[in-house]
Amino acid sequence: MSGPQHDPSLYRDRDVVPFRRALLSVSDKTGVVDLGRALAEAGVELVSTGSTAKMLADAGLAVTEVAQVTGFREALDGRVKTLHPAIHAGLLADLRLEHHEAQLADLGIAPFELVVVNLYPFVETVRSGAADADVIEQIDIGGPAMVRASAKNHANVAIVTDPRIYPLIAKAAGTGLNLLQRRALARDAFAHTAAYDTAVARWFAGEPVEGAAAAPAAEAAAQTAAPAAAASAPAEPEASAPDTSSATGLLKAVGAATLVSGLRYGENSHQQAGIFALPGGAGITQAELLHGKPMSFNNYVDADAALRAAFDFSEPAVAIIKHANPCGIAVGAAGAADPIASAHERAHACDPVSAFGGVIAANRTVTRAMAETVKDIFTEVVVAPDFEPEALELLTAKKNIRLLRLPEGYAREGSELRQVSGGVLVQQPDTFEGFSSHTWRRVSGSHVSDAVLADLEFAWRACRSVKSNAILLASGLASVGVGMGQVNRVDSCKLAVERAGDRAAGSVAASDAFFPFADGLQILLDAGVTAVVQPGGSVRDEEVIAAANAAGITMYFTGERHFAH
């Protein structure tokens, strides 16, 4: 026996499905009243069962009992209540098919667009040491049936099994969810019922259930059938978040990622999108939105790039990012009364035209003084470890700015993934752990002053966040010109010099990879750059070194590059 097959041309497109009718039947009632209220305020009809219905009604919400829908009162101590065509036809009707829609109308059954179910507390009952009969009563039948039916029909129905998702559903009460979001919820729902059934099967087999004792009768039977399976087998350790410092751990974490939120769209308005959280993650995904509209796909990309750039420095630093490239990066000026405000002011000065509509990341708390420098600039996002109350007061007066506070213990994963067709690439992140300019090799010119060396070190760190081919000019521990994303290094040099203008004279330069010819370096020399740091390694290094010596400038080779694609 198998399911029916339909001509693909019969299916109508259903992306965003608004919520009109919701079925709520939960064992764990955490947050269900708040969710019910949000749905009711959005005009969603609430259908519910037993104690869930009573709780919603007691909260003053209009709710329809399942028995009113089915015309069949609960029976057998509640074992039979939702297992009825009037419920399951509403869950399983595929409204992409005209004949399903017509049949549902003929039956006089209304469809559900949202189902909120969590299951009887089977594991908790086992853990309590309850008798077999009591444990068996906590094996849910109707709940998993509704969950699986809704998940199968995710083309039309959103299934929610985790109370932690309720706030996100409440926000979508007036709009519904798109297909990508419903599919992610369906995945979680099937994982939920699979884990539940596994726990039941383990109990019947006399095996530990997440630290709970095995069923005595099943335990005895297991010993009789297989004496080697000792009843006193130790409990399995509790699951923990995968170690994302390794490629294998990161891949496992991605497999266990959970939907945080559907996004309005992806990079472009015709692309569906969502954001998923890794178990144990403490990054931009977990940041708290203190003010402003929900983050967009591009906001997340730019904010994450800005954070990485700012946190490349241990000193108070600010990075301003646009389209994943820096408009400016700076650390606070020496002796500044407010170092983080100074850092922002100097980062913005690098390229104020490009910074319009940018994303700002700070590696320190945003102070009132920094907020003063930000408030008159159109900015999409400001993300930081925290905000002073006065800074929040100033910035929340701006309607269209998003303010994000990083989670405690903000950290990046120890491995990076990039999808390619048919697979994923995995690598260690490019960091400055253990960095020291003492390993650099001076190949031209004389020793530089401590101030110039500090600028070179700053430029080398800042250059990492620039898309290749990358050239960054710096002066006084602040970028003054950035050339990024060009397909040849000559054009990147031209762009950096053009952006810097008069500031190029007396600045230092960093190149993310070697100069294949002396022509790119010559552009920097003609603009008045006084020192350069680059990886070296070109077959024409001697030609490049000769050009540096002819100009009387100091050049260092680092022996490593910082490509960013």
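The values are calculated or read from the model by the stated rules, or taken from the named source; none is laboratory data. Here the structure is a predicted model, which is why all the values come from computation and not from measurement. Backbone-built Cβ (ideal geometry, glycine too); neighbour counts: all protein chains shown.
A few points about this structure:
- In the range 475-517, the residues that are under 15 Å from Ile553 (Cβ atoms) and not aromatic (Phe, Trp, Tyr): Ser475, Cys493, Val497, Ala504, Ala505, Gly506, Ser507, Val508, Ala509, Ala510, Ser511
- Looking only at residues of the range 487-513 that are surrounded by 18 or more Cβ atoms within 10 Å (Cβ to Cβ) and part of a loop (DSSP other than H, G, I, E, B), we find that the one that is modelled with the highest pLDDT is Ser507.
- Restricting attention to the range 117-164, the residues that are small (Gly, Ala, Ser) and either surrounded by 20 or more Cβ atoms within 10 Å (Cβ to Cβ) or not in a loop (DSSP other than H, G, I, E, B) (or both) add up to 8.
- Filtered residue count, the range 432-466, keeping only those that are touching a residue at least 40 places away in the same chain (Cβ under 8 Å) and small (Gly, Ala, Ser): 7
- If only residues of the range 535-565 that are over 37 Å from the mean Cα position of the chain (by Cα) and of a type in the set (Val, Ile, Thr) are counted, the one that is surrounded by the most Cβ atoms within 10 Å (Cβ to Cβ) is Val544.
- Test for Asp455: is it outside the structural domain of Thr379 (by TED's automatic domain parsing), of a type in the set (D, E, K, R), surrounded by fewer than 20 Cβ atoms within 10 Å (Cβ to Cβ) and over 29 Å from the mean Cα position of the chain (by Cα): no
- Any hit, the range 418-433, residues being hydroxyl-bearing (Ser, Thr, Tyr), over 21 Å from the mean Cα position of the chain (by Cα), modelled with pLDDT under 90 and surrounded by fewer than 16 Cβ atoms within 10 Å (Cβ to Cβ): yes
- Residue among Ala310, Ala282, Ala303, Ala277 that alone is touching a residue at least 60 places away in the same chain (Cβ under 8 Å), out of contact with any Gly (no Cβ under 8 Å at 6 or more places or on another chain) and among the aliphatic types (A, V, I, L, M): Ala303
- Here Val443 fits the description: surrounded by fewer than 24 Cβ atoms within 10 Å (Cβ to Cβ) and part of a strand (DSSP E or B).
- Residues of the range 514-534 that turn out to be free of Cβ contacts under 8 Å to residues at least 40 places away in the same chain, surrounded by fewer than 24 Cβ atoms within 10 Å (Cβ to Cβ) and either at positive phi or in contact with a Ser or Thr (Cβ under 7 Å, 6 or more places away or on another chain) (or both), as a count: 2
- Pair list, Cβ < 9 Å and 6+ apart or interchain, from the range 342-353 residues that are closer than 9 Å to Ala319 by Cα and modelled with pLDDT of 95 or more to residues that are surrounded by fewer than 23 Cβ atoms within 10 Å (Cβ to Cβ) and charged (D, E, K, R): Ala343/Glu315; Ala343/Arg364
- Where a residue in the range 110-136 is in the same structural domain as Thr198 (by TED's automatic domain parsing) and its partner, wherever it lies, is of a type in the set (Ser, Thr, Tyr) and part of a helix (DSSP H, G or I), with Cβ under 7 Å and at least six apart: Val115/Ser150; Leu119/Tyr196; Phe122/Tyr196; Asp134/Thr125; Val135/Thr125
- Qualifying residue in the range 415-430 (condition: in a helix (DSSP H, G or I) and not small (Gly, Ala, Ser)): no
- Flag if Asp302 is surrounded by 17 or more Cβ atoms within 10 Å (Cβ to Cβ) and acidic (Asp, Glu): yes
- Within the range 364-393, the set of residues being in contact (Cβ under 8 Å) with a residue 40 or more places away in the chain, surrounded by fewer than 24 Cβ atoms within 10 Å (Cβ to Cβ) and not in a helix (DSSP H, G or I) comprises Arg364, Glu380.
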